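Everything below concerns the one structure shown next.
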Ligand code: ATP
Ligand code: LTN
């Protein structure tokens, strides 16, 4: 059996270069080697309040981004989470396997609950059970994600192992794939926090749909570190972040990038980084526009059918093992 990949992004806003460099780029790179399923996880998005119209539009837009990024629907399965009801069904069951104490330890829950302060939804706490369901439904081997998802992958493994122990071998226990560089692209306005789509300051991230002027303006405003030297250095996170983006978008080795910027100033770095980003996003945005609604609809309905077949088989086995039967 070929090894299988599952991953997804939430349609909670515009995807940014952090999402691309930390996740999508690797989805594309790995799709030939693995049987891959890439999902728009819209049921995850509603763990925080969403505007229904915007959510519907973003769900399709994220699928478009997957295609424009280079995910090939001929080799990979692209689909929307809510089209396969087994995700929600298995999530319920895994909610009865995971412990509240484990969920309360999740840093993403703590951060998002703190930001929200009041009326935190139960779904925000039980989010990892849904994520585990996404992954385990497909007997996934590898999950390419950014660094912020490491803890969610660990809890997924724990859930799978516990289920297998209590009810008999059912789920494959997946591994995370987290890239060495790019797994945590930092915000342009504050190099101590990750670039995030749900950030209220839009200047912190470069989205995949930003135009050239916006990209230049955002890099120009980006914070820098004290000093003047342009080199990779953990003690200087803002410059290191910009150099990492430059390295990943150009494919130039870190030493080459440092040599290239030797003797140059921060303004030059920002301006060249803007050029490189604009050049990278131009064909990307053209591909996004070139995909017709009909084509997108066809790809998503094919994806749904393929995903559902695998999901159904797993669900049948899960219910049998647990003694969940009916008429
Ligand atoms: P937000 O950016 O709003 O916090 P999120 O982290 O929930 O959104 P998703 O769209 O669900 O983002 O994530 C899609 C993928 O992008 C995940 O694999 C995630 O780890 C990765 N990712 C998110 N932010 C970054 C970042 N700043 N750097 C690298 N990878 C990232
Ligand atoms: N929680 C992830 C999105 C996500 C996911 C998944 C990623 C939901 N289900 C399954 C990989 C596999 C996030 O990035 N916020």
Pair residue 290, residue 3: separation of 7 Å Cα→Cβ label points (nm): 3.2
P(r) weight above 22 Å for the range 149-275, C-alpha pairs, percent: 47
Mean separation of Cα contacts under 8 Å (at least 6 apart) over the residue count of the chain, i.e. the relative contact order in percent, is 22
In degrees, nearest 10, the alpha-carbon axis of helix 266-290 is tilted away from the dominant principal axis of the alpha carbons of the chain by 40
Mind checking the angle between helix 293-322 and the chain's longest principal axis? C-alpha axes, 0 to 90 degrees, to the nearest 10. 50
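Among the DSSP beta bridges whose two residues both lie in the chain, what percent are antiparallel, rounded to the nearest 5?
Working: 3 of 18 bridges.
Among the beta bridges of the chain, antiparallel pairing accounts for roughly 15 percent.
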What number, rounded to the nearest 500 deg cm²/dmol, is the helix-based mean residue ellipticity at 222 nm of the chain, given -39500 (n - 2.57) per DSSP H run of at least four residues and division by all its residues? -17000 deg cm²/dmol
Using a 10 Å cut-off around each Cβ, can you sort 292, 301, 82, 36 from fewest to most neighbouring Cβ atoms? 292, 301, 82, 36
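For the range 1-107, rounded, prolate or oblate, judged on the Cα gyration tensor with a ≥ b ≥ c (square roots of eigenvalues), a/c < 1.5 rounded, else prolate if a/b > b/c?
Judged from the Cα gyration tensor, the range 1-107 comes out oblate (a/c at least 1.5, b/c at or above a/b).
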So how long is each side of the range 59-153 along the principal axes, counting just the alpha-carbon atoms, biggest first, in Å? 42, 28, 23
Which residues in the range 267-289 place their backbone N less than 16 Å from a point set 7 Å from the Cα of residue 252 along the Cα-to-Cβ direction? 267-280
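Does the range 231-272 come out rounded, prolate or oblate, given a ≥ b ≥ c as the square roots of the eigenvalues of its C-alpha gyration tensor, rounded meaning a/c under 1.5 and, failing that, prolate meaning a/b above b/c?
Working: a/c = 1.29, a/b = 1.04, b/c = 1.24.
It is rounded, given that a/c, with a ≥ b ≥ c, falls under 1.5.
What FRET efficiency comes out for residue 54 versus residue 201 if R0 is 22 angstrom and r is the Cβ-Cβ distance? Round to the nearest 0.05.
Numbers: r = 19 Å, r/R0 = 0.86.
The calculated FRET efficiency here is 0.70.
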FRET efficiency, 1/(1 + (r/R0)^6) with R0 22 Å, evaluated for residue 262 and residue 221 via beta carbons: 0.35
Where does the chain land on Rg/Rh, using Cα atoms and the Kirkwood Rh? 0.99
The relative contact order of the range 66-211, taking Cα pairs under 8 Å that sit 6 or more residues apart, comes to a percentage of 19
Gap in Å between the Cα centre of the range 264-321 and the Cα centre of the range 11-49? 7
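We did not get these values from a lab; they are worked out from the coordinates using the rules stated. Quick caveat: nothing in here was measured; it's all calculated off a predicted structure. Glycine also receives a Cβ, built like all others from the backbone with ideal geometry; neighbour counts cover every protein chain displayed.
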